[in-house]
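Nothing in this text is a laboratory measurement; each read-out follows from the coordinates by a stated rule. Note that this is a predicted model, so its numbers are computed, not measured. FYI the Cβ positions are ideal-geometry reconstructions off the backbone, even for glycines, and counts take in every protein chain you see.
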């Protein structure tokens with residue numbers, strides 16, 4: 001299912017390890033993490049999905065960055081596709097560009113859980 005244009009204010013999120021974030025900042029674009037490259041698209045999460053993504057794929061990892069992207073910046077290259085548990089996840093079928101990023105914040109690990117910025121999760 002493709003939900004293009006559902007809202008221009010909607011943001012999706014990508015969790016980067018420090019070297020991946022540094023690489024995006026240095027090069028201006030990235031095909032994503034190794035899992036993204038292997039799958040052929042950049043994986044994102046909604047804010048409701050992001051805590052589970054952090055726990056499942058980044059357990060006990062510190063030094064992460066939470067990067068927000070506004071859906072309307074991605075155009076037709078963003079697709080909403082069914083994934084775990086039948087939920088729709090946003091997938092980007094092109095490199096992520098630094099110019100796509102709305103903001104980025106550290107995602108610290110505190111007491112074994114990632115602490116999302118206030119007001120998000």
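Let me have the relative contact order for the chain, percent, based on Cα pairs under 8 Å that are six or more residues apart. Write down the numbers at each step before the final one.
Working: 212 pairs, mean separation 42.6, N = 121.
Relative contact order of the chain: 35 percent.
Go through 106-113, 94-101 and give me the packing order, highest mean Cβ count within 10 Å leading. Mind showing how you got there, number by number?
Working: 106-113: 12.5, 94-101: 16.2.
In descending order of packing, they fall as 94-101, 106-113.
Which distance in nm do the two modelled labels at residue 95 and residue 27 give, with both placed 7 Å along the Cα-to-Cβ direction?
About 0.6 nm separates the two model spin labels.
Over the chain, what lengths in whole Å, largest first, do the semi-axes of the equivalent ellipsoid take, defined as the square roots of 5 times the eigenvalues of the alpha-carbon gyration tensor? It would help to have the intermediate numbers written out before the result.
Values: eigenvalues 86, 57, 40 Å².
So the three semi-axes of the chain are 21, 17, 14 Å.
In segment 97-121, which residues have a backbone nitrogen under 20 Å from the label point lying 7 Å from residue 55's Cα in the Cα-to-Cβ direction?
Taking a point 7 Å out along Cα→Cβ of residue 55, the residues of segment 97-121 whose backbone N falls under 20 Å are 107-121.
Put a dot 7 Å past each Cα toward the Cβ at residue 87 and residue 70; how far apart are the dots in nm?
In this crude spin-label approximation the distance works out to 2.5 nm.
Under a crude label model (7 Å from the Cα following the beta-carbon direction), how far is residue 62 from residue 35 in nanometres?
Here the answer is 2.2 nm between the modelled labels.
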